[in-house]
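First up is the structure itself, then whatever we jot down about it.
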Amino acid sequence: MTRVGRVERTTKETSVVVEIDLDGTGRVDVSTGVGFFDHMLDQLGRHGLFDLTAKTEGDLHIDTHHTIEDTSLALGAAFKQALGDKRGIVRFANASVPLDESLAQVTVDLSGRPYLVHTEPENMAPMIGSYDTTMTRHILESFVAQAQIALHVHVPYGRNAHHIVECQFKALARALRYACELDPRQTGIPSTKGAL
Ligand SMILES: [Mn+2]
């Protein structure tokens, strides 16, 4: 069984190709033209042990918004595709990851229903390089909408914007990795409904 998803998405604003292998080794090859966002996708692959490829050519002459959003939508769709019918998965997981003074707590249910709960410190620095820090929630919303998962991401405290965002992606990676793991005792689909 291979758990691989591949999505191509082209609009007048962006052209995106994303590929993910849930049973990878953390090999990442991403280029979106937004350096800090690439760094975050790198975290997701490395700490999720996903093999992840993302190539985006977006309308960066406007700003980085469409590029980041559309990559996140494609990533969510590829993730859902890779999960298939979710037979044998752990399904629920959580992870807490600190980055120096910042802490992220992520809980996930690969439920088949999109829902995001997100809190992070207010008054963060507005930009990290060309990355608008209000995009973190937008990335998570976009991913969740397409992946169809319930995702709760909280940063109870933190000060440095780079740390606050990065620890969220690291904790997300770990939580997704654990939730996607195949449970040797789980032979069916982990739902009393019989479908996820
Ligand atoms: Mn948008």
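One residue is enough: does the stretch 157-177 have a residue meeting the conditions polar (S, T, N, Q), open to solvent by less than 50 Å² (accessible area, probe 1.4 Å), under 18 Å from Gly45 (Cα atoms) and touching a helix residue (DSSP H, G or I) at 6+ places or on another chain (Cβ under 6 Å)? Among the residues of the stretch 157-177, not one is polar (S, T, N, Q), open to solvent by less than 50 Å² (accessible area, probe 1.4 Å), under 18 Å from Gly45 (Cα atoms) and touching a helix residue (DSSP H, G or I) at 6+ places or on another chain (Cβ under 6 Å), which makes the answer no. Within the stretch 132-148, restricting attention to residues that are out of contact with any Gly (no Cβ under 8 Å at 6 or more places or on another chain) and open to solvent by less than 60 Å² (accessible area, probe 1.4 Å), the residue that is nearest to Arg91 (Cα to Cα) is Leu140.
Among the conditions (1) surrounded by 15 or more Cβ atoms within 10 Å (Cβ to Cβ); (2) not in a helix (DSSP H, G or I), the only one that Glu122 does not satisfy is (1).
Among the residues of the stretch 141-171, the ones that are closer than 21 Å to Gly26 by Cβ and within 16 Å of the ligand (Cβ to nearest atom) come to 1 in all.
So that you can scan it fast, the table gives a plain yes or no per residue for (1) in a loop (DSSP other than H, G, I, E, B); (2) touching a Cys at 6+ places or on another chain (Cβ under 8 Å); (3) within 30 Å of Glu13 (Cβ to Cβ); (4) more than 16 Å from the ligand (Cβ to nearest atom):
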{"residue": "Asp85", "(1), (2), (3), (4)": "yes, no, no, yes"}
{"residue": "Ala95", "(1), (2), (3), (4)": "no, no, no, yes"}
{"residue": "Val108", "(1), (2), (3), (4)": "no, no, yes, yes"}
{"residue": "Leu116", "(1), (2), (3), (4)": "no, no, yes, no"}
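Figure legend. Inter-residue proximity from the stretch 119-145: first residues more than 16 Å from Thr64 (Cβ to Cβ), second residues open to solvent by 70 Å² or more (accessible area, probe 1.4 Å) and within 13 Å of the ligand (Cβ to nearest atom), beta-carbon distance below 9 Å, spacing 6+ or different chains. Indicated pairs: Glu120/Arg137; Met124/Thr134.
The values are calculated or read from the model by the stated rules, or taken from the named source; none is laboratory data. Fair warning: this is a prediction, and the values are worked out from it, not measured in the lab. For neighbour counting, all protein chains shown are included, and Cβ atoms are generated from backbone atoms with ideal geometry for every residue, glycine included. These area figures cover heavy atoms from the full protein model, side chains too; ligands, DNA and RNA do not enter into them. Shrake-Rupley method; radii C 1.70, N 1.55, O 1.52, S 1.80 Å.
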